[in-house]
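Structure first, commentary second.
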Amino acid sequence: MKPLLFANGRVVDPSQQLDEVTSVLVQDGRIAGIGRDLGNPDGADVIDATGWVIAPGLIDVHVHLREPGQEDRETIATGAMSAAAGGFTGICAMPNTDPVIDNQGAVGFVKAKGEAARLARVYPIGCVSVGQRGEQLAEFGEMAAAGAVAVSDDGQPIMSSHLMRTALEYARTFGIPVADHCEDMPLAAGGAMHEGIVSTRLGLKGIPAAAEEIHVARDIILAELTGGHVHLCHMSTRGSVELIRRAKEKGLNVTAEAAPHHFSLTHERCDGYDTNAKMNPPLREAEDRDAIRMALADGTLDCVATDHAPHHYDAKEREFDDAPNGIVGLETALSLALRELVLSGLMTLPKLIERMSCAPARLWHLPGGTLRPGSVADLALFDPAASWTVDPARFRSKSRNTPWAGETLPGVVHATFVAGRRVFSAADLGPRRHPTGA
C-alpha cells in the first residue's frame, strides 16, 4: 500500500489535545507522523485537505444492521457502507436479529461478514440472555472469544434484576460492558410515544419518562453492587441525566449515550402522526432535549450513538400505533451533532470528536479514536462549513426512514479511511487529489 499524505487540513484529535492546521502521514495502515515538516515521501499519494477537518474516524457503539434475517431492511455490508458515508470507521452491531446473536457461531458470522465487506469496521455485540428471552445468561466467554465487544438485549430491557446483576458480574471477567435498554415494560406497556400534552392531543397512549428513569436507577444500583460496567443506551430524559450525574460523582462504572434524534427533536414532531418520529425511547419534551444536550456538553453522557434502525417503507406507512420504532441515523449523525451542539455554541468541535470517536474507542476498548503515531489509520475528512440537503434516495443504507428528508444540514463528509484504505469518497474528492504534491 502506497503511503498517504493528508496535507494542510485542520487536524482535530482530542486524544492528543491537538487542533491545528498541519499534515498527517499514513504508512502501512498506521499513522506514521503528524506535522508541517513531513515532506513528500517518495511515491506517496498526497490529498489536499485545505479547509477540511482531519479527525479520528467516528465510532458508533449502537447500530442495528438487521442481518441475519431482515436483509430487506439492511445488511451488514450496506450498514457498513452507510457508516463510512457518515464518517464512521467503526460500528457496534446490536444482536436483536433473526436469529439473535447469542452464541459463538452467530458472533463469528457477524464478524466475518463485516470483514468481508471491507468498509467500516463491524464489531459484534452478543446477547445477554439466550434467545433474548431474559431468562438464562448466554455464554459471554465464548462470544467474547469470537469477537463480541459487549453484551446487550437491546430491543428488550433486562427486566430481571437478578439476571442483570449476574450479567454485570460475569461480564467483568471478560472486560466488556453490559449495554442495557432502560424501560420498565409494565409501566410503558401499550405506549406509542412520550406521555404528555401531545400524546393526549393525538389520542395516543403515552410512555412516561419514569419508565426509563426507574430502570436507569436500578442499573446504577446494580453497577454499584457488582462493580460491573453498565452502559445505558439512548438516554432521553432529564431525570435519567440527573441519575447518571450522581452515579459518576460517586465514581461508579456507569457510561451512557444519547442519539441525535433525542438532542434534536421533541414529541411535537409526532404531530400529524409522522411515523418517522416514532422511536423507543420516544421523543420527549423540550426540557428533556435540552438536558441531553447539556449532558453531552459536560460529559455526563459519554458519547453520541445513532441507534441506527432501518425499516422498510411499507412498515413505516402503517398506523402510528402499529408502525415499528426507529430511524436510520449513520449518514446524518455528524451533521446533526454539528448543528445542535457545535454551531449552537454548546461545545467545541474537539469536544464533539471526543464524544463521537475518542470516548467510544476508549470506553469500549476498540481500535481507533486517536491519530497518535503508530495507531491504526482510521480517519474521517469532512468540511464543517459546507452544507448538504438530505435526500433519502441517496442514502447508502437500504432503508430511507428519516425525519430529516429535505432539510439542509451542515457538515459534508468528503472521505473515510480505515487502516489507510479509502472506504468512502465523496464525488468532489477527485479534483482535490494531487498525486505529486499538495
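Taken over segment 250-285, the criterion of being charged (D, E, K, R) and in a strand (DSSP E or B) is satisfied by E257 alone. Exactly one residue out of T306, T255, T266, T300 is in contact with a helix residue (DSSP H, G or I) (Cβ under 6 Å, 6 or more places away or on another chain), under 26 Å from M81 (Cβ atoms) and not acidic (D, E): that is T306. Applying a threshold of 6 Å to beta carbon distances and a minimum spacing of six or more residues, or different chains, the list of pairs starting in segment 12-27 at a residue that is within 12 Å of V53 (Cβ to Cβ) and ending at one that is crowded, with 17+ Cβ neighbours inside 10 Å and of a type in the set (G, A, S) reads V12/A55.
Does segment 288-313 hold any residues that are touching a Lys or Arg at 6+ places or on another chain (Cβ under 6 Å) and surrounded by fewer than 23 Cβ atoms within 10 Å (Cβ to Cβ), and which are they? Across segment 288-313, the qualifying residue is only H312. Scanning segment 200-240 for residues that are polar (S, T, N, Q) and within 16 Å of D288 (Cα to Cα) turns up S236, T237, S240. Taken as a whole, segment 262-274 holds no residue that is in contact with a His (Cβ under 9 Å, 6 or more places away or on another chain), of a type in the set (A, V, I, L, M) and at pLDDT 95 or above.
In segment 63-71 there is at least one residue matching the filter, namely being within 23 Å of S335 (Cα to Cα), at pLDDT 95 or above, in a strand (DSSP E or B) and in contact with a His (Cβ under 8 Å, 6 or more places away or on another chain).
Exactly one residue out of G87, G35 is of a type in the set (G, A, S) and crowded, with 23+ Cβ neighbours inside 10 Å, and it is G87.
Just one of (1) hydroxyl-bearing (S, T, Y); (2) farther than 30 Å from T275 by Cβ; (3) in contact with a His (Cβ under 6 Å, 6 or more places away or on another chain) fails for S236. It is (2).
Being more than 15 Å from G90 (Cα to Cα) and touching a residue at least 40 places away in the same chain (Cβ under 8 Å) is the filter; apply it to segment 106-115 and report the residue that is surrounded by the fewest Cβ atoms within 10 Å (Cβ to Cβ). The selected residue is F109.
Conditions (1) of a type outside the set (K, R); (2) assigned by TED's automatic domain parsing to the domain that holds M159; (3) on the phi > 0 side of the Ramachandran plot, marked per residue:
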{"position": "G69", "(1), (2), (3)": "yes, yes, yes"}
{"position": "R73", "(1), (2), (3)": "no, yes, no"}
{"position": "T89", "(1), (2), (3)": "yes, yes, no"}
{"position": "A93", "(1), (2), (3)": "yes, yes, no"}
{"position": "I101", "(1), (2), (3)": "yes, yes, no"}
{"position": "R118", "(1), (2), (3)": "no, yes, yes"}
{"position": "V128", "(1), (2), (3)": "yes, yes, no"}
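The values are calculated or read from the model by the stated rules, or taken from the named source; none is laboratory data. Small disclaimer: the values here were computed from a predicted structure and weren't measured. Please note: Cβ atoms are built from the backbone with ideal geometry, for glycine as well, and neighbour counts cover all protein chains shown.
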